[in-house]
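Below is one structure, written out as structure tokens, with a few remarks after it.
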Amino acid sequence: MGLVQMLKDAQEGKFDIIVVKNLSRLFRNLMDCMRIIYMLRALPKPVGILFETENMFTLDKNVDFTLQILSLIAQEESHKRSEAITSSQRQRYEQGNFIKFDLLGYDRVGVNEIAINKEEAKTVQLIFMMYMAGIDAETIAEVLIMLGRKKHTHRYVDGRVKEGDTNWNRNSVMNVLKNERRCGDVNAQKTVTPNYLDHKAVKNVNQAPQYYAIDQHPAIINPQD
């Protein structure tokens with residue numbers, strides 16, 4: 001988001017130069033690097049990027065070849081970091097160490113520890129009760145809105161609080177129903193990131209192992225339900 005806003009400001013002529021510590025802080029692949037540099041050069045009021053460590057200024061076209069080489073190096077470093085992070089995550093899963101996210105029905109109470117939020121748990125139980133009674137997800141969403149039942153309120157470690165809204169719909173109801181964490185279990189690596197360049201997560205369909213563990217935290221819903 002920050003990069004997108006910066007480029008928007010550049011197009012609006014809000015500054016003349018961008019100063020960056022080094023190339024790898026701004027770009028992770030050659031394509032993005034050169035595309036953005038050329039775009040900034042072509043503006044009615046050209047904007048240059050000064051890379052302090054490399055001592056290069058992008059309005060000087062003589063640095064293009066060197067920039068391409070350095071971008072390729074940054075791209076490969078990003079690839080290696082991505083592989084190392086993935087390998088580390090899978091090793092933790094194999095050892096039974098899972099990340100416990102706070103979500104509707106739970107609050108974070110310590111380092112990688114969650115506990116039941118009694119008020120939010122009522123919403124989770126209501127959703128399951130209505131669904132098992134044969135009520136469809138769209139109607140459940142309408143009932144939750146009518147009752148003013150909020151989604152999860154996030155409480156961050158820095159003290160910030162983001163209140164949950166009541167904007168329920170079919171998808172948000174189904175997300176609660178299909179999440180195994182409400183019954184105390186954890187299914188890790190449900191998504192994967194095939195392309196380290198765009199960092200887009202996709203559903204893990206036989207692309208990598210998944211790890212399922214039971215009784216990892218207090219359950220709100222009976223596992224059979």
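The values are calculated or read from the model by the stated rules, or taken from the named source; none is laboratory data. Predicted, not measured: the structure shown is a model, and the values here were computed from it. Cβ atoms come from the backbone with ideal geometry, glycine included; neighbour counts cover every protein chain shown. Note: areas computed on protein heavy atoms with side chains; ligands, DNA, RNA excluded. Shrake-Rupley method; radii C 1.70, N 1.55, O 1.52, S 1.80 Å.
Descriptive notes on the structure:
- Residues of the range 113-133 classified as under 24 Å from the mean Cα position of the chain (by Cα), of a type in the set (A, V, I, L, M, F, W, C) and part of a helix (DSSP H, G or I), total: 1
- Selection count where residues are open to solvent by 70 Å² or more (accessible area, probe 1.4 Å), under 22 Å from Lys118 (Cα atoms) and either of a type in the set (Val, Ile, Thr) or modelled with pLDDT under 85 (or both), scope the range 161-201: 1
- Here is the figure for the range 29-50: residues that are open to solvent by 90 Å² or more (accessible area, probe 1.4 Å) and either in contact (Cβ under 8 Å) with a residue 60 or more places away in the chain or of a type outside the set (Lys, Arg) (or both) total 3.
- Ile145 meets all of the listed conditions (1) in a loop (DSSP other than H, G, I, E, B); (2) open to solvent by 40 Å² or more (accessible area, probe 1.4 Å) but one, namely (1).
- Selection count, the range 84-112, where residues are without any contact (Cβ under 8 Å) to a residue 24 or more places away in the chain, farther than 17 Å from Ala188 by Cβ and over 20 Å from the mean Cα position of the chain (by Cα): 2
- Number of positions in the range 5-14 that are open to solvent by 50 Å² or more (accessible area, probe 1.4 Å) and either in contact with a strand residue (DSSP E or B) (Cβ under 8 Å, 6 or more places away or on another chain) or not polar (S, T, N, Q) (or both): 3
- Hits in the range 51-83 (condition: part of a helix (DSSP H, G or I) and open to solvent by less than 60 Å² (accessible area, probe 1.4 Å)): Val63, Asp64, Leu67, Leu70, Ser71, Ala74, Gln75, Ser78, His79, Ser82
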